[in-house]
Amino acid sequence: MKKEKTKLSRRDFFSAGTALAGGVAITSVLAGYDGLLFAAVTPNAKGIWYGIGIDINKCIGCGKCANACKLENNVPQAPFYFRSWVEQYTIKNDGSIVVESPNGGIDGFKQSVPDKDIFKSFFVPKMCNHCAKSPCTQVCPVGATFETEEGIVLVDEKYCIGCRYCVQACPYGCRYIHPDKGTVDKCTLCFHRLKKGLKPACFEICPTKARIFGDLNDPGSEINYFLKNHNCMVIKPNLNTGSKLFYNALNPEVR
Amino acid sequence: MEQHLQDLYEVLSKVDGYVYPNEIELNWSILIVLYPYITGLVAGAFILASLERIFKIRILKPTYGIALLTAFSFMLVATMPLVSHLGKPLRAYEIMITPHSSSAMAIFGFVYLWYLMVVLFLEIWFDYRRDMVIWAGETTGFKRFMYRLLSLWTTDISPKSVALDNRIGYIVTVIGVPSAFLLHGYVGFIFGSIKANPWWSTVLMPVIFLFSAMVSGIALVMGIYIILSKIRRQVIDMNCLDTIARYLFYILIIDFTLEGLDQIHRIYVAEESFEALHKLVFGQLFFTLFIVQGFFGTILPLLTLGTFQFYKPRAEIRKVIYLVLSVLILIGIFFMRWNVVIGGQLFSKSFYGYTSYKVGMIGAEGYLMAAIWLIVPFLILSFLLWLLPPWKKIETDHGNLEE
């Protein structure tokens, strides 16, 4: 009995060898298919890697960023299309929360809650988080949405089919379908300005310098200084989107 | 365009709480409700056909051909609501040419083509080839031409070639069952994989979609069989009908359990989104979820079919009840898709508010358009039943294939 077990016939050798070779071949084919791993792998960026910082303590809710964005990027004026907008959060004494953003904050804010009921109130500017594992890029069926080497999420509007899957996938509501073009539109971090060495429009116009951006890979950059000196947080960290929009003084109520 | 903006201003005036400004527009309309609905009917009808063929449940023989042709008719239309909903419909082919490997939607084109061309088309072709050759000899004109064309001018109907047809058809069906599971499970994954949306994002979604698909497909074939027999003035095979109803009962139990499990889990873990979803379910979705999908589409059919397992009224009454149940279930599953697709977009991802949705009558996204996409498959089916009547086929016992 024992002898039989240890005996390896030529046939056994070949079948085991073939199985092994086949296994290696199949694995190497599958290795090329990394679609499943999109959100499971953290990108390892070299070179410029843009991040954004917003200091909620500095935002006065003037709404100039939202307006500048619409003007700079030809965003439709109707109040249903925004690449950048400002929300006013009001936490009442009874703990309830009122959030408002009339026309994205472009026309300024009026407090609807009487002063005596207010526990605290603050403004939260919103824009694309330029996620490193962006759910919108993940789901685009044709690859019209992509992340650049610098970590900016862009859309190729000549390629977008307008299926709206990315709009559903964005947890932050940063995308809309352009009513005239039929394709998706979103913040580009003013890519056209960046390439000329200019700041994005909303950063340029902010009167209180509440918005900061820069290279996360550069230890001396403004954004790294900001991150080092403030307790910063991203919105919805539980979704693990690799968000690169960091807020200082972010309340947990903000979603 | 102007009308679109006007509608959006109307929605804006009805917003309850706070929604992100870009969320006021509801992105996936009634057409995207139809897409999983129609695909589900295809998968369900096919699985019913496979019961007869693979699992040799011969009592289902009278519905085998009907189920196959029904699946095929609906499959031909399945992509239409999707494509017509695109912002750039003429670019739809890009999904096939440059699919993005990490996108669940990108795989759709391939799963669809695989299922339509390789599974359904081949199965029907091998099943009908001999009959088409015979019919080509018996008919004239257009029909004769169609039979010749469809059978690719083959004439060999020797027992050997027919046996080969059957064998290939059987293999195709064996491949077809996992394919049907893949087709509809995958549709569920499109929704289930969106982590941004807590109403969709559940690992159960593909399984729920699959079983609700089987429920709707079986109910559809049952209804069509009853109506078709009435039109053809044929006696309904009550054994067959009772068997279909029994399978419908079993699968409805599984479907109900899965959906119940999903809701129980949501309530028990009560995550961050719970309050927002709770208000949604008891607010805008109350009628479509509890009344239509829950009571008329699930509980009532379950109780009735359950009762029939112990006590059977006479055939005449049973027939009518089966027909009514099939319609109720079809409506129920339609609203199940509605509750998923539309329901998932009514609340803001900030969980602070709700938008609203009203279906218009006209336009590409209106309910007339949706109705057209539901009627067209029946027209195709009528044509197919005229061209390839399953009841005129020479009886083949699929059971004789095994050796």
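Values quoted throughout were computed directly from the atomic coordinates according to the rules given, and no laboratory measurement underlies them. This structure is a prediction, so every number in the text was calculated from the model and none was measured. No Cβ is skipped: glycine too gets one built from the backbone with ideal geometry, and neighbour counts run over all protein chains shown.
Mind checking the mean number of beta-carbon atoms from other chains within 10 Å of the Cβ atoms in B:79-91?
Mean shielding count: 4.
So what is the orientation-averaged projected area of the range A:203-250, using the convex hull of its C-alpha atoms, in nm²?
3.9 nm²
Of B:M361, B:M132, how do they rank once you tally other Cβ atoms within 10 Å and put the fewest first?
B:M361, B:M132
Bin by bin, in steps of 10 Å, what percent of the Cα pairs in the range A:116-230 do you find, going until the bin that has the longest distance?
12, 37, 32, 15, 4, 0
Could you tell me the relative contact order of the range B:260-381? Use alpha-carbon pairs under 8 Å, at least six residues apart, and round to a whole percent. Could you put the intermediate results ahead of the total?
On the way: 67 pairs, mean separation 31.3, N = 122.
In percent, rounded to a whole number, it is 26.
Using Cβ counts within 10 Å as a stand-in for footprinting exposure, how do B:R167, B:R318 rank, fewest first?
Least crowded to most crowded, the residues run B:R167, B:R318.
So what's the net charge close to B:G353: Lys and Arg +1, Asp and Glu -1, counting the other residues with Cβ under 13 Å from its Cβ?
Numbers: positive: A:R255, B:K14, B:K279, B:K349; negative: A:E87, A:E100, B:D16, B:E23, B:E275.
Summing Lys/Arg as +1 and Asp/Glu as -1 gives -1.
What's log10 of I(q)/I(0) for the range B:206-308 at q = 0.10 Å⁻¹, Debye sum over Cα points only, no solvent?
Evaluating at q = 0.10 Å⁻¹ gives log10 I(q)/I(0) of -0.38.
Rounded to the nearest 500, what is the protein assembly as shown's calculated 222 nm mean residue ellipticity when only DSSP H runs of at least 4 contribute -39500 (n - 2.57) each, over all residues?
-15500 deg cm²/dmol
Dipole size in debye (nearest 20) for the protein assembly as shown around its Cα centre, Lys and Arg Cβ +1, Asp and Glu Cβ -1?
1180 debye
In a GNM of chain B with a 10 Å cut-off on Cα contacts, which of B:K195, B:K349, B:K61 has the highest mean-square fluctuation?
B:K195
What number results when the radius of gyration of the range A:10-149, computed over Cα atoms, is divided by 2.2 N^0.38 Å?
Its radius of gyration relative to the 2.2 N^0.38 Å reference: 1.76.
Short version: what are the Cα gyration tensor semi-axes of the range B:19-137, square root of 5 times each eigenvalue, largest first, in whole Å?
In descending order the semi-axes read 35, 17, 13 Å.
Applying a 10 Å radius around every beta-carbon, put A:121-127, A:193-199, B:64-70 in order of their mean neighbour count, most first.
Per-residue Cβ counts within 10 Å, averaged per peptide and sorted highest first, yield B:64-70, A:121-127, A:193-199.
What area, in nm² and to one decimal, does the C-alpha convex hull of the range B:264-403 cast on average over all directions?
Result: 15.3 nm².
Within a 10 angstrom radius of each residue's Cβ in A:143-152, how many Cβ atoms of other chains show up on average? Whole number is fine.
On the way: counts 8, 5, 2, 1, 0, 0, 0, 0, 0, 0.
Taking all residues of A:143-152 together, the mean is 2.
Once both axes come from the Cα atoms, what is the angle between helix B:122-138 and the longest principal axis of chain B, in degrees from 0 to 90, rounded to 10?
40 degrees
How far is helix B:30-53 tilted off the main Cα axis of chain B, in degrees rounded to 10, range 0 to 90?
The angle comes out near 30 degrees.
Using just the C-alpha positions of the protein assembly as shown as equal point scatterers, what log10 of I(q)/I(0) does the Debye formula give at each q in 0.05, 0.07, 0.12 1/Å?
Debye intensities relative to I(0), on a log10 scale: -0.30, -0.56, -1.25.
Across the residues of B:349-358, average count of Cβ atoms on other protein chains within 10 Å?
If you average over the peptide's residues, the count of other-chain Cβ atoms is 3.
For every other residue with a beta carbon closer than 12 angstrom to the beta carbon of B:K14, add +1 if it is Lys or Arg and -1 if Asp or Glu, then tell me the sum.
With Lys, Arg at +1 and Asp, Glu at -1, the neighbours total -2.
Using only Cα atoms, what Kirkwood radius does the range B:131-289 have, in angstroms?
Kirkwood radius, the range B:131-289: 20.1 Å.
Per residue, how much space in cubic angstrom lies within the convex hull of the C-alpha atoms of chain B?
166 Å³
If you count, for each residue, the other Cβ atoms within 10 Å and average over each peptide, how do B:169-177, B:33-41 line up from highest to lowest?
Highest mean packing first, the order is B:33-41, B:169-177.
If contacts are Cα pairs under 8 angstrom and at least 6 residues apart, what is the relative contact order of chain A in percent?
RCO, chain A: 25 percent.
At a 10 angstrom cut-off on C-beta neighbours, averaged per residue, how do the peptides B:279-287, A:158-166 rank from highest to lowest? Mind showing how you got there, number by number?
Values: B:279-287: 15.7, A:158-166: 22.4.
Final packing ranking: A:158-166, B:279-287.
How charged is the neighbourhood of B:A49? Take every other residue with its Cβ under 12 Å from the Cβ of B:A49, and add Lys/Arg as +1 and Asp/Glu as -1.
Charge balance near B:A49 sits at -1.
As a test of the definition: which semi-axes, in Å, follow for chain A when you take the square root of five times each eigenvalue of its alpha carbon gyration tensor? Largest first, please.
Working: eigenvalues 438, 94, 71 Å².
Calculated on Cα positions only, the semi-axes equal 47, 22, 19 Å.
Can you tell me, using C-alpha contacts under 8 Å and at least 6 residues apart, the relative contact order of chain B as a whole percent?
It comes to 29 percent, rounded to a whole number.
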